[in-house]
Amino acid sequence: MIGKHLRFTISLLLGGVLLAGAAGADAGGMRMGMFALWAQNPDGADLGGRETNIRAWEETLRLPASSLLALDYYGNETWEEMISRQWVPGYWARRNPNRKLIWSIPLTMKGTPLSDVVKGLHDAEFRFGARAIVQSQPDAIIRIGWEMNGGWFAWAAAGHEADYIAAYRRVAAIFREASPKFSFDWCANWGLNAGPADLAYPGDDFVDTIGMDVYDVKTDKEPVARWRDEVLNTPYGLRWLEHFAAQHGKKMSVGEWGLGLKGAPDNPYFMDRMNEWLRVHADRIAFHVYFDVPPLSEGKFPKGRERFINFFSAPGR
């Protein structure tokens, strides 16, 4: 018990380095990332896009420039977007070529069954997207068909697990052909949702990290019970992620986490527990990404924002 508590205390003391600053540290450290809204004036005038807001967070957290990972999305709604959105990776390369990217790649589009992707009917669009990304970020993290265990995306796997697996593997092979430096994150949503996530696991040979998206959601339960019953110990919650990743010999990731989903209030307890969970498992987590929507800076979550800054600011800078 003494050793366990000692290790936990050390992880708390080093938290800023391990969690926030590790993007600029060695490859074995857990890295922190952000998803930020597009920076613009109230009249819609561009103020530099997502990079501006992520850089502002680096300054707030006293982190080195380009130390945070950035999460973005490529071609979310139509096949035409897979061709027309090459400007998005180009934007990041122009604004900051040193920024490491996590790209969320849709596995199919609305109206296209996964079986069409399996047949290769949209290989051309995926190849175009892979080339667009590799020209700007050849070592990006590629997150294909995320939250597949939910029912809200066109690539929902429940009842179509075999097609999901085959489609994922086909698309991953296309991206791997474009750049051997790409790494691949398989990311479920927390909870049982529409079906068991593990039935849609595409195989260790096409997965580098096993991830989960997890948010504080408004429910009738108090924060302590909500964390315990609906995040940590729920079927296919964080405890499941720990065991499943260990079973497959992979590091974990948290592709998205944050406050305020579905109108959830300011909840510093959720921030406390996520911070603790990340630190306790720091040696087993490749990266985590705070999803800053709604933004912590807009005043809805003053207690959560204070905790976030206290927990993830770099020490001694």
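Can you pull out the residues in segment 83-106 that are touching a Lys or Arg at 6+ places or on another chain (Cβ under 7 Å) and closer than 19 Å to Asp46 by Cα? Correct list: Trp92 only. The condition (being in contact with a Pro (Cβ under 9 Å, 6 or more places away or on another chain), assigned to a loop (DSSP other than H, G, I, E, B) and not aromatic (Phe, Trp, Tyr)) is satisfied by just one residue among Leu63, Leu37: Leu37.
Elements of the type helices (runs of 4 or more DSSP H) sitting completely within segment 215-286 and holding at least 2 residues that are under 16 Å from the mean Cα position of the chain (by Cα): these cover 238-247, 268-280. Scanning segment 42-60 for residues that are among the hydrophobic types (A, V, I, L, M, F, W, C) and outside any loop (DSSP other than H, G, I, E, B), which turns out farthest from the chain's Cα centre (by Cα)? Of everything passing the filter in segment 42-60, Ala56 is farthest from the chain's Cα centre (by Cα). With the checklist (1) in contact (Cβ under 8 Å) with a residue 12 or more places away in the chain; (2) over 30 Å from Ala162 (Cα atoms); (3) surrounded by fewer than 18 Cβ atoms within 10 Å (Cβ to Cβ); (4) aromatic (Phe, Trp, Tyr) in hand, flag the one item Trp87 doesn't pass. Of (1) in contact (Cβ under 8 Å) with a residue 12 or more places away in the chain; (2) over 30 Å from Ala162 (Cα atoms); (3) surrounded by fewer than 18 Cβ atoms within 10 Å (Cβ to Cβ); (4) aromatic (Phe, Trp, Tyr), only one is false for Trp87: (1). Condition check for Gly75 on (1) buried (at least 22 other Cβ atoms within 10 Å of the Cβ); (2) in contact with a strand residue (DSSP E or B) (Cβ under 7 Å, 6 or more places away or on another chain): one failure, at (2). Select from segment 219-241 the residues that are among the charged types (D, E, K, R) and surrounded by fewer than 17 Cβ atoms within 10 Å (Cβ to Cβ) and write down the one among them that is modelled with the lowest pLDDT. Per the stated criteria, the residue is Asp220.
Screening segment 79-107 for residues that are in a loop (DSSP other than H, G, I, E, B) and at pLDDT below 95 and picking the one that is farthest from Asn149 (Cα to Cα) gives Gln86. Please verify whether segment 114-128 includes one or more residues that are in a helix (DSSP H, G or I), among the hydrophobic types (A, V, I, L, M, F, W, C), at pLDDT 95 or above and closer than 27 Å to Thr234 by Cβ. Yes, some residue in segment 114-128 is in a helix (DSSP H, G or I), among the hydrophobic types (A, V, I, L, M, F, W, C), at pLDDT 95 or above and closer than 27 Å to Thr234 by Cβ. What about Ala314, is it of a type in the set (A, V, I, L, M, F, W, C) and more than 17 Å from the chain's Cα centre (by Cα)? Yes.
Within segment 242-265, being within 19 Å of Phe308 (Cβ to Cβ), at pLDDT below 95 and either charged (D, E, K, R) or touching a Pro at 6+ places or on another chain (Cβ under 6 Å) (or both) holds for one residue alone: Gly260.
Ala167 - would you say it is in contact (Cβ under 8 Å) with a residue 60 or more places away in the chain, crowded, with 19+ Cβ neighbours inside 10 Å, within 27 Å of Leu101 (Cβ to Cβ) and out of contact with any strand residue (DSSP E or B) (no Cβ under 6 Å at 6 or more places or on another chain)? Yes.
The values are calculated or read from the model by the stated rules, or taken from the named source; none is laboratory data. Here the structure is a predicted model, which means the values were calculated and not measured. All Cβ positions, glycine included, derive from the backbone under ideal geometry; neighbour counts span all protein chains shown.
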